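Worksheet: one structure, shown below.
What follows draws every value from the coordinates through simple rules; no lab data is involved. The structure displayed is predicted, hence computed values, not measured ones. Please note: Cβ atoms are built from the backbone with ideal geometry, for glycine as well, and neighbour counts cover all protein chains shown.
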Amino acid sequence: MGVDPQTEPLTIEEATPLLSAAFERREVAFERMLLIGPPRVSDSARSWVRAVYEMRDSLNRGDQLTQEHWRELVRLANAARAEFHQVAQADLGVQFTIPR
């Protein structure tokens with residue numbers, strides 16, 4: 001949609017195969033994390049995944065996304081990612097700031 005300042009603008013046609021590949025890689029990593037992560041980390045990861053799935057599903061449904069709606073979906077996914085990082089860092093006993 002070209003409204004996320006952190007990425008290069010892509011058309012939906014360009015983004016779809018990239019998103020599919022990313023979801024396949026995420027499935028493998030997510031399953032590994034579930035094997036060793038405590039419930040709070042797993043729950044936080046699931047929240048992040050749900051936010052990203054909502055982005056994907058909005059694109060797949062062909063929703064008439066406005067820039068404002070897409071920005072809100074990006075904001076929610078980024079907030080869920082930040083929460084996951086914070087929870088995972090606390091579980092691992094490390095603290096550092098992840099660049100945004």
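The figures follow:
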item	result
Cβ-Cβ FRET estimate between Leu18 and Ala90, R0 fixed at 35 Å, reported to 0.05	0.65
Simple spin-label estimate for Leu35 and Gln64 in nanometres, 7 Å along Cα-Cβ	4.7 nm
The chain: relative contact order as a whole-number percent, Cα under 8 Å and 6+ apart	32 percent
Virtual spin-label span in nm between Met55 and Ala79, 7 Å along Cα→Cβ	1.5 nm
Built amide H within the under 5 Å cut-off of Leu10, gap 5+	Gly2
